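To keep things clear, I will list the structure first and then write my remarks on it.
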Amino acid sequence: MTLLSRDFARSIMTRVRSIAAATMLAAPIMSAGAALAQDGKTITAVLHSGLRVLDPIITTAHITRNHGYMIYDVLVAQNKDFAPQPQMADFAVSEDGLTYTFTLRDGLKFHDGAPVTAADAVASLQRWGKRDAGGQLIFDVTASLEATDDKTITWTLSTPFGPLLDIVSKQSSVPPFIMPARVAQTPADQAISDNTGSGPFVFVKEEFEPGVSVTYAKFEDYVPRAEPADWMAGGKVVKVDRVKWVTMPDAQTAINALVSGEIDYLEQTPIDLLPLLETSPDVAVEVRNSLGYQTMGRMNFKHPPFDNMKIRQAALKAMRQEPILATMIGNPKYYKKCGAIFGCGTPLASEAGTESLTGAGDVAGAKALLKEAGYDGTPIVLMQPTDVVELTAQPVVAAQLLREAGFNVDMQAMDWQSVVTRRANQAAPSEGGWNIFFTNWMVPEISSPLLNSMVNGGGDSAWFGWPDDPELEALRAEFIAATSLEARKQVAARIQAHVVNVVNYIPLGQYLQVQSRRTNIVNMIPSPVLVFWEVNKT
């Protein structure tokens, strides 16, 4: 038995003993939850986080995005091939690529009974365009966006923007959800207070307890499309009366509640607890998002030593994905090495230039680059979050790999909210700033140069780390101007080579999240974003 497997076994036994104790401690919670599940055909689910923010345009939080898909619909949506499909509206593009026409389908209603109009869609798109990075790029070349009649939205550009439909149909991180115009006219920097939706579920306001539970009821007047559900596209047919999300921050309590039938569904299941669930005949363990997540490291371009490209290159050569993924996930069934900045399994995937990352690393090469760059031992402030399971391990392994190559690493432990706050600080590391941190992205969120936040060379307006890279911006402009998927792939391959060479960031591989459900919960569709249409409770 290897050291890793002994630790893994000890971890399981510790969990088992803790669960036995949690069974008794959780009894009052379970009773309360059982009462909640008695409302008709109700699915009770535990998601990755409690819901507090209800405006899916003002935040990129995944839990709020999931809420958005419950109560709102979108004009166009992507299927599993990343292809934009009609959803609330059919669309057409003029031959010169300057005019996009969207025509709303019949039967669309808001939850207050009012019809969805083109004016509502225009107001919703305009507010979204003030918050979303991709939307901002489109509005930079927008000549006009108007409702030309009650059902027609006409979007006229000053210059062609080939990926417009790709951005408008994106499933994350900020999809352009359609709201009533009176709601969408809320200033983009203020959260909405009216949750009247356009989607398949209605938000039950009187039962909402922020961070504790949220209930959705089937919207009886929602008219789904006729096509089969396919990712975010196709028919959103609701087959249950209600869906209730309850918060159980302790994983062991949630696992116990699932086994006992207290809850029906658990969005994130700890890998080390899977053996317990896999022996239960009433629980199904599965991966419905085959693309998974990318974990990555981001360096700060504004301060030494990572303002020096050779030292960033040395850091990349120092890294190896395997030990990071093995420590982070444990079971190789649920992770894979991948050097593609746009994610393996996506249309633009290329792993060029990342052989050392996915292989054995290149410590000798890293040391040579540090010597060539004249690295003087300047400490690297590495931020390590300690309160999020999926973000705790990779900084520790990365710090060790960097030290082996000759870096002087100052690893500072803090909670994730402190990392989120501090990473926005552009001051020097010795004055409250930082040099490197690690985070994870859902693969569709990084699948193109216009979605991947790290592939932005806009200096102080770029994502945290702030690379000032005109060559990268020129490549992104070429990507926008490309008129075919094949042409975009060619530009994307050049962007992959450039990003790896200048080390905009370090992709550290992909991993899968495991979900679990009671076996009487059926027909959950495979999708990167969790949705509750099509699913049924038998």
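Between residue 287 and residue 185, the modelled labels are 4.9 nm apart [label points 7 Å from Cα along Cα→Cβ].
Compare the Cα positions of 203, 191, 179 along the charge dipole of region 156-241 (+1 at Cβ of Lys, Arg; -1 at Cβ of Asp, Glu; about the Cα centre) and return the one farthest towards the positive end. Positive-most Cα among the choices belongs to 179. Sorting 98, 273 by solvent-accessible area of protein heavy atoms yields 98, 273, largest first, with a 1.4 Å probe. The charge dipole of region 347-412, taken about its Cα centre with unit charges on the Cβ atoms of Lys, Arg (+1), Asp and Glu (-1) only, comes to about 180 debye.
Note on residue 250 and residue 96: the model spin-label points, each 7 Å out from Cα along the C-beta direction, lie 6.6 nm apart.
Amide H to amide H distances under 5 Å link residue 514 with 269, where only residues 5 or more positions off or on other chains count and H is placed in the peptide plane. The alpha carbon gyration tensor of region 173-325 gives principal lengths a ≥ b ≥ c with a/c of 1.5 or higher and a/b no greater than b/c, which makes the shape oblate. For region 324-480, the share of DSSP beta bridges that are antiparallel, to the nearest 5, is 10%.
Stretched out straight at 0.36 nm per residue, the stretch from residue 226 to residue 474 would grow longer than its current Cα-Cα span by 85.1 nm.
Taken about its Cα centre, region 391-538 carries a charge dipole of about 700 debye when Lys and Arg each add +1 at the Cβ and Asp and Glu each add -1 at the Cβ. Classify region 37-169 as rounded, prolate or oblate, taking a ≥ b ≥ c as the square roots of the eigenvalues of its Cα gyration tensor: rounded when a/c is under 1.5, otherwise prolate if a/b is larger than b/c and oblate if not. It is prolate, given that a/c is not under 1.5 and a/b is the larger ratio. Taking every C-alpha pair closer than 8 Å and separated by at least 6 residues, the mean separation divided by the residue count of the chain gives a relative contact order of 18 percent.
Of the peptides 221-231, 305-315, the order by per-residue mean of other Cβ atoms within 10 Å, starting with the highest, comes out as 305-315, 221-231.
Take every pair of alpha-carbon atoms less than 8 Å apart whose residues are at least six positions apart; their mean separation over the length of region 108-187 yields a relative contact order of 40 percent. Across region 436-538, the relative contact order, built from alpha-carbon pairs under 8 Å that are at least six residues apart, equals 16 percent. Here the Karplus relation 6.51 cos²θ - 1.76 cosθ + 1.60, evaluated at θ = phi - 60°, turns the backbone of region 320-333 into coupling constants of 9, 6, 4, x, 5, 5, 5, 6, 6, 10, x, 8, x, 4 Hz, with x for every Gly and Pro.
Listed values for region 334-342 are Karplus-derived 3J(HN,Hα) couplings in whole Hz (6.51 cos²θ - 1.76 cosθ + 1.60, θ = phi - 60°), namely 10, 8, 8, 6, 7, x, 6, 5, 9, and x replaces Gly and Pro. Each of 246, 119, 491 was placed along the dipole of the chain (beta-carbon charges, centred on the mean Cα), and the one lying farthest toward the positive end is 246. About the centre of its Cα atoms, the chain shows a dipole size close to 1220 debye [charges on the beta carbon of Lys, Arg (+1) and Asp, Glu (-1) only; nearest 20 debye]. Just the protein heavy atoms count here, and of the accessible area of the chain at 1.4 Å, carbon and sulfur take up 53 percent.
Apply the a/c threshold of 1.5 to the C-alpha gyration tensor of region 325-366 and tell me whether it is rounded, prolate or oblate. Oblate shape, in that a/c is at least 1.5 and b/c is the bigger or equal ratio. Couplings 3J(HN,Hα) of region 149-156, computed from phi: 7, 4, 10, 10, 10, 10, 10, 10 Hz, in residue order, whole Hz [Karplus 6.51 cos²θ - 1.76 cosθ + 1.60, θ = phi - 60°; x for Gly and Pro]. Taking amide H atoms as placed 1.01 Å from N in the peptide plane, the amide H of residue 236 lies under 5 Å from those of 225, each 5 or more residues away in sequence or on another chain. Close amide H partners of residue 410, meaning residues 5 or more places away or on another chain with modelled amide H under 5 Å apart, are 380, 381, 382. Compared with the alpha-carbon gap, the fully stretched path from residue 536 to residue 119 is longer by 146.6 nm at 0.36 nm per residue. Taking label positions 7 Å along the Cα-Cβ direction at both residue 408 and residue 159, the computed distance is 4.6 nm, reported to one decimal. The residues neighbouring residue 113, those whose beta-carbon lies less than 13 Å from its own, together hold a net charge of -2 under the Lys/Arg +1, Asp/Glu -1 convention.
The values are calculated or read from the model by the stated rules, or taken from the named source; none is laboratory data. All values derive from a computational prediction rather than experimental measurement. As a convention, Cβ positions derive from the backbone with ideal geometry for all residues, glycine included, and neighbour counts pool all protein chains shown. The area values use the complete protein model at the heavy-atom level, side chains included, leaving out ligands, DNA and RNA. Shrake-Rupley method; radii C 1.70, N 1.55, O 1.52, S 1.80 Å.
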